[in-house]
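The values are calculated or read from the model by the stated rules, or taken from the named source; none is laboratory data. Remember, it's a predicted structure, so these values are computed and weren't measured experimentally. In this analysis, Cβ positions are derived from the backbone assuming ideal geometry, glycine residues included, and neighbour counts consider all displayed protein chains.
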Amino acid sequence: MTADSTAAERARALLADLGRADAVHGGGDHPAFGWRRAGLMAVTGKADGPPLMCPAALTVAADAALLALRALAPAADLPASGALLLGERARLMGLRRGGRSSANGSCRIIGAADGAFALNLARDDDWGLIPAWLEAGAGDWGAITEIAARLPVAPLVERGIQIGLPIACAMPAPTGAHWFHASVPMPCRSGERPLVVDLSPLWAGPLAASLLGRAGARVIKVESTRRPDGARSGHGGFYDLLNGGKESVALDFASADGRAALQRLIARADIVIEGSRPRGLAQLGVDAAAAVARGTIWVSITAHGRDGAAADRVGFGDDTAVAGGLANAMQEGWGEPLFAGDAIADPLTGLHAALAALAAWRNGKARLIALSLAGIVAHAIGAGIATGAQLAEWQAMADADDAPLYPLRAPGPPARPLGADTAEVLGEC
């Protein structure tokens with residue numbers, strides 16, 4: 001595959017990776033047109049500079065995943081474009097490009113003495129970790145930037161990882177990155193309509209579950225009564241797009257009854273989607289391998305991976321995109337590490353997770369399918385980076401394009417209130 005491979009070519013390759021050879025129909029726009037028409041130019045480039053093309057064909061990767069998903073579910077009510085999903089939140093929220101500051105403002109690309117890294121302070125608690133991380137007081141981004149500029153990048157990032165910060169080196173995408181890892185397949189339950197238990201928060205996992213719902217699955221969203229999905233307090237229309245049509249169950253995971261109810265739901269599920277670190281699941285008494293052995297397809301979405309030291313790392317869509325090589329791709333193309341898009345690792349991963357889950361269901365094979373936000377971005381970038389004359393051509397095409405932006409998805413049913421269906425759903429267990 002190359003940077004300008006077609007979406008159909010990539011879709012067939014994705015299906016082949018999943019043991020499928022379904023016919024792929026349709027295609028996608030050129031990377032320059034896809035990036036602009038998805039609204040991603042508005043969130044790529046410096047705040048005081050022109051809108052920029054991304055040197056990696058990420059919209060083609062998104063279109064490919066959606067084409068492959070449509071090949072598995074040709075009658076499904078799926079979005080018209082995978083690229084649309086990459087720019088959807090930014091357009092709804094009116095986000096704008098910030099160069100080394102992410103579109104939502106929570107993440108920065110910071111220069112150290114010998115390199116650059118991304119730091120995402122998306123949670124209030126993250127600011128409380130900064131003094132321990134830098135071994136100095138730093139109450140704002142300016143102070144962090146000033147201190148970091150004098151220090152080597154590797155120990156800065158390593159110490160940040162150890163204390164639980166969402167942080168990552170700006171580095172090239174690893175070569176030959178595979179987009180998922182899966183356990184040995186086991187027989188799974190069969191039927192026309194899988195039951196999906198969605199344990200995931202925020203964006204990637206909920207998007208995957210939503211797409212499966214559009215492909216005909218019954219989806220039950222499960223949240224903690226004490227710590228519900230943080231996206232509930234974000235943009236309401238975007239939350240509804242990700243979670244409308246799902247039943248809502250809320251459980252107290254701190255109680256024995258709540259954990260027992262969770263176990264019963266998992267035992268009934270054909271597909272489980274979760275976005276937790278493995279140790280977090282273990283604390284709830286959840287054993288993914290045991291669920292797979294019983295016939296459940298288990299989709300695990302992490303920031304950096306399920307194995308080794310990566311399993312304990314935290315991360316969000318912007319910092320993991322940097323870890324996957326996106327800031328480095330921008331540096332290769334435009335001479336400076338910059339953000340491209342809006343937390344783009346999330347929608348890319350959600351699309352691929354839905355595809356992997358539905359393929360496993362169609363194959364009748366239960367397995368643990370592990371995807372990471374950083375790994376999906378690395379895989380997409382691995383198709384090639386446009387530089388020099390090719391990137392200049394892409395930029396000129398995007399600048400000259402006057403076609404309308406892709407139409408935003410029409411609002412669907414609103415997301416159910418927290419726990420609205422708990423009694424009814426648990427009554428079925």
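Checked against the criteria, Arg96 counts as within 21 Å of Trp35 (Cβ to Cβ) and assigned to a loop (DSSP other than H, G, I, E, B).
Screening the candidates Ala383, Ala374 for the property of being of a type outside the set (S, T, N, Q), within 17 Å of Ala57 (Cα to Cα) and surrounded by fewer than 24 Cβ atoms within 10 Å (Cβ to Cβ) yields one hit, Ala383.
Summed over the range 56-82, the residues that are in a helix (DSSP H, G or I), in contact with a Lys or Arg (Cβ under 7 Å, 6 or more places away or on another chain) and either among the charged types (D, E, K, R) or touching a residue at least 60 places away in the same chain (Cβ under 8 Å) (or both) give a count of 3. Has the range 66-84 got any residue that is closer than 14 Å to Ala383 by Cα and of a type outside the set (D, E, K, R)? No, the range 66-84 contains no residue that is closer than 14 Å to Ala383 by Cα and of a type outside the set (D, E, K, R). Output yes when any residue across the range 26-37 is within 21 Å of the chain's Cα centre (by Cα) and more than 23 Å from Arg70 (Cα to Cα), and no when none is. Yes: one or more hits.
Going through (1) closer than 30 Å to Phe117 by Cα; (2) assigned to a helix (DSSP H, G or I); (3) not polar (S, T, N, Q) one by one, Ala209 falls short only on (1). Selection of the range 164-200 for residues being at pLDDT 90 or above and either within 30 Å of Gly128 (Cβ to Cβ) or acidic (Asp, Glu) (or both) yields Gly164, Leu165, Pro166, Ile167, Ala168, Cys169, Ala170, Met171, Asp198, Leu199, Ser200. Given the criteria among the polar types (S, T, N, Q), without any contact (Cβ under 8 Å) to a residue 12 or more places away in the chain, under 22 Å from Asp342 (Cα atoms) and surrounded by fewer than 19 Cβ atoms within 10 Å (Cβ to Cβ), does Ser233 qualify? Against the criterion (among the polar types (S, T, N, Q), without any contact (Cβ under 8 Å) to a residue 12 or more places away in the chain, under 22 Å from Asp342 (Cα atoms) and surrounded by fewer than 19 Cβ atoms within 10 Å (Cβ to Cβ)), Ser233 qualifies.
Could we say that Val292 is in contact (Cβ under 8 Å) with a residue 60 or more places away in the chain and either closer than 20 Å to Ala345 by Cβ or out of contact with any helix residue (DSSP H, G or I) (no Cβ under 9 Å at 6 or more places or on another chain) (or both) here? In short, yes. When residues in the range 293-314 are screened for being in contact with a Cys (Cβ under 9 Å, 6 or more places away or on another chain) and crowded, with 23+ Cβ neighbours inside 10 Å, 2 of them pass. The residues of the range 294-323 that are under 28 Å from Leu391 (Cβ atoms) and not in a loop (DSSP other than H, G, I, E, B), listed by number, are Gly317, Asp318, Asp319, Thr320, Ala321, Val322, Ala323. Among the residues of the range 267-287, those identified as in a helix (DSSP H, G or I) and under 22 Å from Asp307 (Cβ atoms) are Pro278, Arg279, Gly280, Leu281, Ala282, Gln283. When every residue of the range 343-351 is checked against the conditions, none turns out to be charged (D, E, K, R) and touching a Pro at 6+ places or on another chain (Cβ under 6 Å).
Which residue is nearest to Leu355 (Cα to Cα), if the candidates are limited to the range 212-230 and must be in contact (Cβ under 8 Å) with a residue 40 or more places away in the chain and part of a helix (DSSP H, G or I)? Among them, the one singled out is Leu212. For Ala250, the conditions (1) aliphatic (A, V, I, L, M); (2) over 15 Å from Ala420 (Cα atoms); (3) in contact with a Ser or Thr (Cβ under 7 Å, 6 or more places away or on another chain) all hold with the exception of (2). Figure legend. Inter-residue proximity from the range 172-183: first residues of a type in the set (Ser, Thr, Tyr), second residues modelled with pLDDT of 95 or more, beta-carbon distance below 6 Å, spacing 6+ or different chains. Indicated pairs: Ser183/Arg367; Ser183/Leu368. Annotation note: of Ala208, Ala154, the sole residue that is of a type in the set (A, V, I, L, M, F, W, C) and surrounded by fewer than 21 Cβ atoms within 10 Å (Cβ to Cβ) is Ala154.
Here the condition is being in contact (Cβ under 8 Å) with a residue 24 or more places away in the chain and either closer than 20 Å to Thr6 by Cα or buried (at least 24 other Cβ atoms within 10 Å of the Cβ) (or both); of Leu358, Leu418, Leu368, it holds for Leu358 alone. Looking only at the range 310-338, which residues are touching a residue at least 24 places away in the same chain (Cβ under 8 Å) and of a type in the set (Gly, Ala, Ser)? Of everything in the range 310-338, those that are touching a residue at least 24 places away in the same chain (Cβ under 8 Å) and of a type in the set (Gly, Ala, Ser) turn out to be Ala310, Ala311, Gly315, Gly317, Ala321, Ala323, Gly324, Gly325, Ala327, Ala329, Gly333. Of the helices (runs of 4 or more DSSP H) lying entirely inside the range 324-429, the ones with 3 or more residues being among the small types (Gly, Ala, Ser) are found at 326-334, 345-363, 373-381, 388-400. Here Gly317, Gly324 are screened, and the one residue that is closer than 26 Å to Ile220 by Cβ and either at pLDDT below 90 or crowded, with 17+ Cβ neighbours inside 10 Å (or both) is Gly317.
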